[in-house]
Amino acid sequence: MEIVKYKLQQHGDERGHLVALEEMIDVPFEIKRVYYMFDTRPGIVRGMHAHKSLEQLLVCVHGRVTVLLDDGSEKKEVVLDNPYEGLYIANNMWREMRDFSEGAVLMVFASKYYDENDYIRDYDEFLKFVGK
Ligand code: T46
C-alpha cells in the first residue's frame with residue numbers, strides 16, 4: 001500500500017507561517033466540503049469506516065493524530081503531527097483515527113458533499129467491496 005503524503009507549501013516570514021490550499025493544485029481534487037474535528041479525548045477512536053467514492057486530504061493543523069489505513073490486504077499507521085503535511089486518502093480505504101493529542105485539530109478537505117450512503121461502516125462489507 002502506498003501512503004500518499006503531500007508536503008504543503010509554507011509561506012513563512014518573521015510573522016509566522018501560512019499554508020494555502022487550492023483545489024486541483026495543492027489538493028488533487030475539487031474541494032466540495034471542509035470539516036474539522038477537535039476536542040477528541042485520548043482513548044477515543046474515530047472513523048472506522050471506508051468510503052465508496054469519496055477522496056479526502058487530512059491535515060492535522062494542531063497537535064498530533066495517528067491514522068490507520070487498511071486497504072483490505074495491508075494495514076499501515078501514519079502519524080500526522082504538523083500543519084504542513086497532508087495525508088491523501090482515496091476511496092476504498094478503511095480508516096481509523098486515534099491517539100489524538102490534547103488540543104489536536106484535524107482538518108479534512110473532501111471531494112464530495114456529505115452523503116451517508118457513501119459510507120461503508122461494516123468491515124466485512126468493506127472487504128467484499130474491495131474484493132477480498
Ligand atoms: C472520514 C473521517 C476522516 C456531518 O453532518 N457532515 C459531515 O460532513 C461530516 C464529516 C459529519 N457529519 C456528522 C455525522 C455525524 O453525526 O457529524 C457527526 C460525526 O461524523 P462521523 O462520526 O462520521 O465522524 P468521524 O470522525 O468518525 O469520520 C469523519 C468523516 O465522517 C469521514 O468521512 O473519512 O472523518
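The values are calculated or read from the model by the stated rules, or taken from the named source; none is laboratory data. These figures come from a predicted structure and were not determined experimentally. When we count neighbours, we look across all protein chains shown, and the Cβ atoms used for this are built from the backbone with ideal geometry, even at glycine. What goes into the accessible areas is simple: the full protein's heavy atoms, side chains included, and nothing from ligands, DNA or RNA. Shrake-Rupley method; radii C 1.70, N 1.55, O 1.52, S 1.80 Å.
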Only one of these is in contact with an Asp or Glu (Cβ under 7 Å, 6 or more places away or on another chain) and open to solvent by 40 Å² or more (accessible area, probe 1.4 Å): Met93, Met24. Name it.
Met24
The conditions are (1) in a loop (DSSP other than H, G, I, E, B); (2) open to solvent by less than 60 Å² (accessible area, probe 1.4 Å), and Arg41 fails exactly one of them. Which is it?
(2)
Answer yes if at least one residue in region 33-55 is without any contact (Cβ under 8 Å) to a residue 24 or more places away in the chain, over 13 Å from the mean Cα position of the chain (by Cα) and within 27 Å of Asp124 (Cα to Cα), and no otherwise.
yes
The correct count of residues that are within 22 Å of Ser101 (Cα to Cα), under 18 Å from the mean Cα position of the chain (by Cα) and either aliphatic (A, V, I, L, M) or surrounded by fewer than 13 Cβ atoms within 10 Å (Cβ to Cβ) (or both) in region 6-21 is 3
Of the numbered conditions (1) closer than 22 Å to Glu2 by Cα; (2) in contact with a strand residue (DSSP E or B) (Cβ under 7 Å, 6 or more places away or on another chain); (3) at pLDDT 95 or above; (4) surrounded by 16 or more Cβ atoms within 10 Å (Cβ to Cβ), Lys75 fails exactly one; give the number of that condition.
(4)
Contact list, first residue from region 105-132 and touching a residue at least 60 places away in the same chain (Cβ under 8 Å) and over 26 Å from Met37 (Cα atoms), second anywhere and more than 11 Å from the ligand (Cβ to nearest atom) and part of a helix (DSSP H, G or I), beta-carbon distance below 9 Å, six or more apart or interchain, is Lys132/Phe126
Give region 96-132 a look and list any residue that's open to solvent by 40 Å² or more (accessible area, probe 1.4 Å), part of a loop (DSSP other than H, G, I, E, B) and either of a type in the set (Ser, Thr, Tyr) or on the phi > 0 side of the Ramachandran plot (or both), or say none.
Asp99, Gly103, Tyr113, Tyr114, Gly131
Can you list residue pairs whose Cβ atoms sit under 6 Å apart, with the first residue in region 77-102 being without any contact (Cβ under 8 Å) to a residue 24 or more places away in the chain and the second being within 15 Å of the ligand (Cβ to nearest atom)? Count only pairs 6 or more apart in sequence or on different chains.
Glu77/Thr66; Glu77/Leu68; Val79/Thr66
Are any of the residues in region 50-69 more than 12 Å from the ligand (Cβ to nearest atom), touching a Pro at 6+ places or on another chain (Cβ under 8 Å) and of a type in the set (D, E, K, R)?
no
